[in-house]
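Step one of this worksheet: look at the structure below.
The values are calculated or read from the model by the stated rules, or taken from the named source; none is laboratory data. Given the structure is predicted, the values throughout are model-derived calculations rather than measurements. Reconstructed Cβ throughout: ideal geometry from the backbone, glycine too, with neighbour counts over all protein chains shown.
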Amino acid sequence: MAELEQKARAALDPAVYDYFAGGADDEVTLAENVAAWQRLRLRPHVLNDVGEVDPRATVLGQSLTAPIIVAPAAYQRLAHPDGEMATARGAGAVGTVMCVSTMATTTLEEVAAAATGDLWFQLYIRRDRRYTEELVARAETAGYRALVLTVDVPVLGRRLRDERNHFTLPPGLTMANFGTAPPTVEGSGIAAFADSEFDPSLTPDDLAWLCGLTRLPVLVKGVMRGDDAVRAVDAGAAGVIVSNHGGRQLDTCIAPAEAVREVAAAVGDRAEVLVDGGVRRGTDVVKALALGASAVLVARPVLWGLAAAGAQGVTAVLNELIEEFTRALMLCGCRTPDDITPDLIANPPPV
């Protein structure tokens, strides 16, 4: 993945690369998200029949080629002219789900029309609830299969790279679902938009409101504690995504690899538990499932593939992860994801 990132970096405007690659403040958590998976050690089984291995998984009743989903990421036309449409085609080609960001540079309807596989829609609850109601109705009409509510942005984390670059969208690109562009300001235009529009007063009551607004299952993204996961499920969530927003919000926050076991133990079998952040190898996927997740989400590797080669680049990245995961299953003595058990982790984080 490091080589692919360098290839993508060479193809991108430096400010765009910084936007995709960067994290909050000193970027301690950004680095820890990857390092935490690497610190975990596997205890493989041997003398198990792995002559036939099947990496397929089911999440929210949807069949996936492997328990690997494309995470929401904003402004993908900065990486490639086809943007989110290319990512949707690339994900569909390998039989997995793409989660489309509210902050896309292509409308959710255009992404749905281009998609060759299932889509989820990520959203924020804005101060004016009418915007959220309209987006939910549009997502349902367009055929999205689930909603992903991001809850870890009461205020945007301070992203120093974006401030130094005065980052905003260039002429010709907009936040397509809103038909507008972020403001041009002294610091980050993205931060200015988020701070003015996203509602910082959310509670479980707002989550319950959203769940009552839609027939689609709702997952809550940005949960890092077991008690918060329970509150989300009690309010009607069908699942939670353990995530610290890719290290872009609260710096020195723990990594998802350190939180997923606690969240999975707290939720039990009441809801799906997924994890997002720092997944770079197929072995990371095995570790995530051993800690209690049913699937992982990946964003930056997909963006590097998109920047390097469009839809084909996205497909190549996902295929590589699926192949690595399949090989790791075999080397751990597992024939399917259901065979992955907690004892495969030698040094699990505390619950």
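Among the listed residues Val260, Val285, Val267, Val317, identify the single one that is at pLDDT 95 or above and either closer than 24 Å to Val111 by Cα or of a type in the set (Gly, Ala, Ser) (or both). Give the derivation first.
Values: Val260 fails: either closer than 24 Å to Val111 by Cα or of a type in the set (Gly, Ala, Ser) (or both); Val285 fails: either closer than 24 Å to Val111 by Cα or of a type in the set (Gly, Ala, Ser) (or both); Val267 fails: either closer than 24 Å to Val111 by Cα or of a type in the set (Gly, Ala, Ser) (or both).
None of the other options fit; the residue is Val317.
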Next item on the list: Give the residue that is farthest from Phe198 (Cα to Cα), with candidates limited to residues of region 89-118 that are in a helix (DSSP H, G or I) and in contact with a Ser or Thr (Cβ under 7 Å, 6 or more places away or on another chain).
Entry: Ala93
Margin query: Just to be sure before I move on: is Ala24 buried (at least 21 other Cβ atoms within 10 Å of the Cβ), more than 28 Å from Ala346 (Cβ to Cβ) and either among the acidic types (Asp, Glu) or at pLDDT below 95 (or both) in the structure I sent?
Written below: no
Note to self: List the residue pairs whose Cβ atoms are under 6 Å apart, where the first residue sits in region 126-147 and is small (Gly, Ala, Ser), the second is part of a loop (DSSP other than H, G, I, E, B), and the two are 6 or more positions apart or on different chains.
What the structure shows: Ala146/Leu60; Ala146/Leu216; Ala146/Pro217
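Determine which member of the set Leu173, Leu149, Leu207, Leu216 is in contact with a helix residue (DSSP H, G or I) (Cβ under 7 Å, 6 or more places away or on another chain), in a loop (DSSP other than H, G, I, E, B) and at pLDDT 95 or above.
Values: Leu173 fails: at pLDDT 95 or above; Leu149 fails: in a loop (DSSP other than H, G, I, E, B); Leu207 fails: in a loop (DSSP other than H, G, I, E, B).
Result: Leu216 is the single residue among Leu173, Leu149, Leu207, Leu216 that is in contact with a helix residue (DSSP H, G or I) (Cβ under 7 Å, 6 or more places away or on another chain), in a loop (DSSP other than H, G, I, E, B) and at pLDDT 95 or above.
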Next item on the list: Would you be able to tell me the number of residues in region 30-39 that are more than 21 Å from the chain's Cα centre (by Cα) and either closer than 26 Å to Arg159 by Cα or surrounded by 15 or more Cβ atoms within 10 Å (Cβ to Cβ) (or both)?
Entry: 0
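Suppose we filter Ala265, Ala308 for residues that are more than 18 Å from the chain's Cα centre (by Cα) and under 23 Å from Ala31 (Cα atoms); which single one remains?
After applying the criteria, what remains is Ala308.
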Checklist line | From the options Ala295, Ala264, Ala257, residue that is crowded, with 21+ Cβ neighbours inside 10 Å, touching a strand residue (DSSP E or B) at 6+ places or on another chain (Cβ under 8 Å), small (Gly, Ala, Ser) and free of Cβ contacts under 8 Å to residues at least 60 places away in the same chain | finding: Ala264
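Determine whether Asn347 is in a loop (DSSP other than H, G, I, E, B), among the polar types (S, T, N, Q), on the phi < 0 side of the Ramachandran plot and surrounded by fewer than 18 Cβ atoms within 10 Å (Cβ to Cβ).
yes
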Checklist line | Residue satisfying condition, being surrounded by fewer than 20 Cβ atoms within 10 Å (Cβ to Cβ), within 23 Å of Glu27 (Cα to Cα), under 18 Å from the mean Cα position of the chain (by Cα) and not acidic (Asp, Glu), within set Arg280, Arg248, Arg300 | finding: Arg280
Margin query: Checking the structure you have, find out if any residue of region 241-250 is under 22 Å from Trp120 (Cα atoms), charged (D, E, K, R) and part of a strand (DSSP E or B).
Written below: no
Check: Pick from region 256-298 the residues that are among the small types (Gly, Ala, Ser) and in a loop (DSSP other than H, G, I, E, B): which of them is nearest to Leu219 (Cα to Cα)?
Finding: Ala271
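For region 186-204, name all the residues that are of a type in the set (D, E, K, R) and either modelled with pLDDT of 90 or more or over 10 Å from Leu156 (Cβ atoms) (or both). I'd like the intermediate steps shown before the answer.
Kept after step one, since they are of a type in the set (D, E, K, R), are these residues of region 186-204: 186, 195, 197, 199.
Within region 186-204, Glu186, Glu197, Asp199 qualify.
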Item checked: The lone exception for Gly51 - which of (1) within 23 Å of Leu274 (Cα to Cα); (2) surrounded by fewer than 17 Cβ atoms within 10 Å (Cβ to Cβ) it fails -> (1)
Check: Which of the residues spanning region 87-111 are β-branched (Val, Ile, Thr) and closer than 23 Å to Asn319 by Cβ?
Finding: Thr87, Val94, Thr96, Val97, Val100, Val111
